[in-house]
Structures are given as structure tokens and as C-alpha cells.
Amino acid sequence: MAQILSQDEVDALLQALQQEGQQSEGFPDSEATPQPYDFRRGSASLYGRLPGLEMILSKFARRLRNLFVSELGKSVDTNLGALDTVLYEESIKRIPLPSSIHLVRLDPLRGLGVFVIEARLAYAMIDVFFGGTGQRLAKVEGRDFTPIETTFLGKFVGKMLHAMEEAWQPVVQLSGHYLRSEMNPYLLGATATGDVMIVATYRIDMAQVSGNILFSLPLSALSEVRDQLKTPFRTPGGDGDYDHSSSVSRVSPHLRTHLLQSPVSLQAVVGTIELSLRQVLQLRPGDVIQLGPHAMEQVELWVEGKPRFRGRGAQRNGVKVFVVSGRHE
């Protein structure tokens, strides 16, 4: 019988088999017991899955910026950062300590919501509210909030709760209820262990102090409104894949209607002067603060805490008005 393989070919084949055996030594046994995987775990992004929810939470970011201006007289930058779904116990671990933690309810949504203000940002807000600049660096480790500080932060969260109601108004009429503040997140009891939470992180930049405000809500709370949070961006095909340009053209009138109805804060700044702290503390009803001779001719109109228009002050039919002469660059 003729030899099918030469000796060189036999040697090459044996060498290849030997190398394959050595490489497979580093791999686990194929008969090892498979490990179960919980598909609820992990940080599953909601971007693109619930576009209506993204719109609502982004709208809340703008109202949060207005809230800092109206309540603290402070212009801040607010941005919606991460929007994730995590298990309740994981959301608890994400809360930085120390923090100002507040439990709320948003009827008729099921479950309880949680607002968290990082301690560094919370102390800056407190400092501004009581007359400071908000730039004083407070030591946060090993310190609890005083009853007065907790009361102020609770009232501010109540305002945020009202802003959240307004943000949800195009979808459902909510009724917010402030429940209590908490220092230990493990005592919240917002939902059952194993439930999935939606966690939205808002970045707040205020002068030299920055921090996060977190809002979390059980995913099950959206069960009755989930279809409403999907439909604005769904195409008639309903197959889940959609043409972006077609979707934008279809929803533009809807977005435009709600966008044009969004309230904004306006402030007419007639003039600015510098006073010492002593002079401010000595001010009494009836005192006169002398502005520049051309103050009414150089008025600025601030929109959302930022100068947008130039103009002058005037009076028409007994009512003080602002006459626009130009736009800020």
C-alpha cells in the first residue's frame, strides 16, 4: 500500500496537534457549570427606548435652572447626564455619602421617587440662600445637616417636585407629595429589593462649585404610561426601526407646540452698583440707592439668568416697559 503522507507531513501534523493542546490549557473546562445571568442587572441606557421620558427629564433640567434663578438668584448650568436603569440596591450604592436625600410620591405613578442632592452642592445652596456667595468650601465629611438646613433643602425639593409635575404635564397630570428627608439611603424603602429603578443624573455648575442632583423612580411606575412615552417617535410601520428624518418631520409640530408653551424667566436689569456688606446691612425702608445718570437708557433684559437683549426703560399709559434696541452677541 502506497504511503499517503510523507514523514515530514506526519511530523508537521503531530506538531500542530501538540500546539493546539497547549493553547487550550488556559481555557475553562467546556463541561463547567454555566453561571446564571440576571438580565435586569447592569446599567441599561434608556436613550432611544423611551423618547418621551427623555423629553420630560430634559424639560425638568431647564425648569431646574429656572428654579436656581428664582429661589437663589443664582445663574447655573444644568445638564441631564446619565439616564440609566439599575436594580434598586445598585441605585442605593450610587448615592454619594454624605448627601441630602428626600423621598417623594408622584401620584398616580406607582412607587416612590427619590431626590438626592450631593452634600457639596447642598452646602453651597444653603450658603447662597443665607447671604453667602456659595463659593465657600464647606467640610462635608462627618457632618450632618442641621434642622434649619434640612428644612431649607426640603422646601427646595418641594419646588423641584412642582417643576417635575410641570415637566410631565404633556403626558399625565401628576400630583407630587413630599414625604421626608433621610441621611441613610438604606432606610428609604422606596421600593422592594430587586425592583428596577430609573436613575437620572443632573450636573449643576454654580460658579466655582459643581455637583449632582439625582432623581430616581421605579421603572414599574411607567407601566401605565409607557405607550405614551413611546408613540411620539414611532413610525406607522411599528417594526422598531425608523427613519430619523421622517420621524423628526412628523413630530416637529408636536414638539414646537410644547416648546413654545414653555415658560421662561425674564429680568430687566436697570443698573448695578457695588456696596460693602456693612452698607447692605444698614439699608432700611425708604433708603435711596443712587444709580448712574443713564441707567434707564442702558437696560439689559436677562432670559433664564443670562443677558440676551439691550434696550431702554420707558413708561406707556402709566406702565413701565422695556424697549428692545438690540441683541447681545
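Any read-out appearing in this document is the output of simple, stated calculations on the displayed coordinates, not a laboratory observation. This structure is a prediction, so every number in the text was calculated from the model and none was measured. Reconstructed Cβ throughout: ideal geometry from the backbone, glycine too, with neighbour counts over all protein chains shown.
In summary, the lysines within cross-link reach of Lys59, defined as a Cα separation below 25 angstrom excluding same-chain residues under 8 places away, comprise Lys74, Lys155, Lys159, Lys230, Lys306. Summarising the amide proton neighbourhood of Gly113: residues at separation of 5 or more, or on other chains, whose placed amide H is nearer than 5 Å comprise Val104, Arg105, Leu106. Applying the Karplus relation 6.51 cos²θ - 1.76 cosθ + 1.60 with θ = phi - 60° to the stretch 192-202 yields 3J(HN,Hα) values of 7, 4, x, 6, 9, 10, 8, 10, 10, 10, 10 Hz, where x marks Gly and Pro.
When the alpha carbon coordinates of the stretch 44-235 are projected onto the principal axes, the ranges are 51, 33, 27 Å, largest first. Amide H contacts of Ser265: Glu304, each under 5 Å away and 5 or more positions distant or on a separate chain (H built 1.01 Å from N in the peptide plane; Pro and chain starts excluded). When both the stretch 272-303 and the stretch 69-102 are represented by their alpha-carbon centers, they are found 36 Å apart. The spacing between the stretch 163-183 and the stretch 202-230, judged by their C-alpha centroids, is 11 Å.
Value of Rg to Rh for the stretch 76-184, rounded to two decimals, is 0.97; Kirkwood radius and Rg both from alpha-carbon coordinates.
Size check on the stretch 266-327: the Cα extents along the three principal axes, sorted descending, read 37, 28, 20 Å. Return the distance in nm (one decimal) between the two label points of a simple spin-label model at Leu13 and Gln208, each offset 7 Å from Cα along Cα→Cβ. Inter-label distance under the simple model: 7.9 nm. Coupling constants for the stretch 206-216 follow from the phi torsions by the Karplus curve (6.51 cos²θ - 1.76 cosθ + 1.60, θ = phi - 60°), and in residue order they are 10, 6, 8, 10, 10, x, 10, 10, 10, 10, 10 Hz; glycine and proline get x. Computed from the C-beta positions of Gln290 and Arg310 and an R0 of 22 Å, the FRET efficiency is 0.45 to the nearest 0.05.
Residues in the stretch 151-157 carry Karplus couplings, in order, of 4, 4, 5, x, 5, 5, 5 Hz; the curve used is 6.51 cos²θ - 1.76 cosθ + 1.60 with θ = phi - 60°, and Gly or Pro positions show x.
Taking a point 7 Å out from the Cα of Ser220 in the direction of its Cβ, the residues of the stretch 89-132 whose backbone N falls within less than 20 Å of it are 89-93, 103-115.
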